[in-house]
Amino acid sequence: MKSKHGGSGGGADDQAASAMIDERIAGLSDWRGQTLAQARKLILQAGPGIVEEWKWGVPVWSQGGILCTGEVYKNAVKLTFAKGAALDDPTGMFNASLDGNTRRAIDFREGQKIDGKALQGLIRAAAAHNASAKAGTAAKSAAKKAARKAAPKPAAPKPAAAVRQTAAKAIASSAKKSAAKAVGKTAAKTTKKPVAKAAGPAKRA
């Protein structure tokens with residue numbers, strides 16, 4: 001289920017995603033609901049075209065791919081960035097999931113203020129990373145198509161009649177060569193036979 005921020009006339013899925021996130025926030029009557037609501041507002045204001053979804057039982061924000069998810073725990077509200085390891089974090093907002101090769105997360109705890117400017121900077125960086133990855137995939141696909149077009153096409157198969165004619169010619173040629181070899185061998189043998197010497201005059205008694 002998804003909802004595109006700033007769109008008009010959203011469908012049932014769009015409305016359902018937003019409604020489920022609204023319901024999650026409303027169900028948190030303490031500081032966690034306030035923190036999630038504030039984070040949501042900052043994320044959606046980070047740029048146009050950000051999509052709000054509901055997946056795996058949690059809010060998800062996407063643009064050209066997942067930007068981050070919003071998870072709620074007993075002692076923290078966690079924003080997990082799907083490609084966080086690839087993003088620059090100049091202000092050091094990432095403070096969880098630091099050992100992985102892909103994800104990074106921010107744990108907001110009770111009483112902690114959200115640095116809106118820094119959070120929106122990470123959201124924009126994540127969107128730019130997704131766009132770059134998508135462009136790279138499209139370029140690779142285009143290169144493969146161009147290589148296939150440039151590759152020489154295999155020769156069309158010859159008709160059966162032409163194949164039979166070619167085979168017959170090959171057989172006839174081979175037969176001629178064999179016959180010629182046989183004649184040559186016979187002539188060579190005949191040439192090599194010793195010639196009988198002529199008998200001399202009979203001796204007189």
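Every read-out reported here was derived from the displayed coordinates using simple, explicitly stated rules and does not represent laboratory data. Note that the coordinates shown come from a computational prediction; the quantities given were computed from them, not determined experimentally. Methodologically, a virtual Cβ is constructed for each residue, glycine included, from the backbone with ideal geometry; neighbour enumeration extends over all protein chains shown.
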* Asked: Hey, can you rank 69-78, 109-118 by average C-beta count inside 10 Å, highest first?
  -> 69-78, 109-118
* Structure fact -> The simple spin-label model distance between Trp56 and Ala19, using points 7 Å out along Cα→Cβ, in nm, is 2.5
* Protection proxy ranking, peptides 54-67, 81-94, average beta carbon neighbours within 10 Å, highest first -> 54-67, 81-94
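List the relative contact order of region 26-120 as a percent without decimals, with contacts defined as Cα pairs under 8 Å and 6+ residues apart.
Values: 138 pairs, mean separation 21.5, N = 95.
The value is 23 percent.
Starting from the Cα-Cα distance between Ser174 and Gln120, subtract it from 0.36 nm times their residue separation and give me the gain in nm to one decimal.
Values: separation 54, 0.36 × 54 = 19.44 nm, distance 8.12 nm.
Stretched fully, the Ser174-Gln120 segment lengthens by 11.3 nm.
Per-residue counts of other Cβ atoms within 10 Å, averaged by peptide: what ranking do you get for 19-27, 40-48, highest first? Don't skip to the answer; put the middle values down first.
Values: 19-27: 15.2, 40-48: 17.2.
Per-residue mean Cβ counts within 10 Å order the peptides as 40-48, 19-27.
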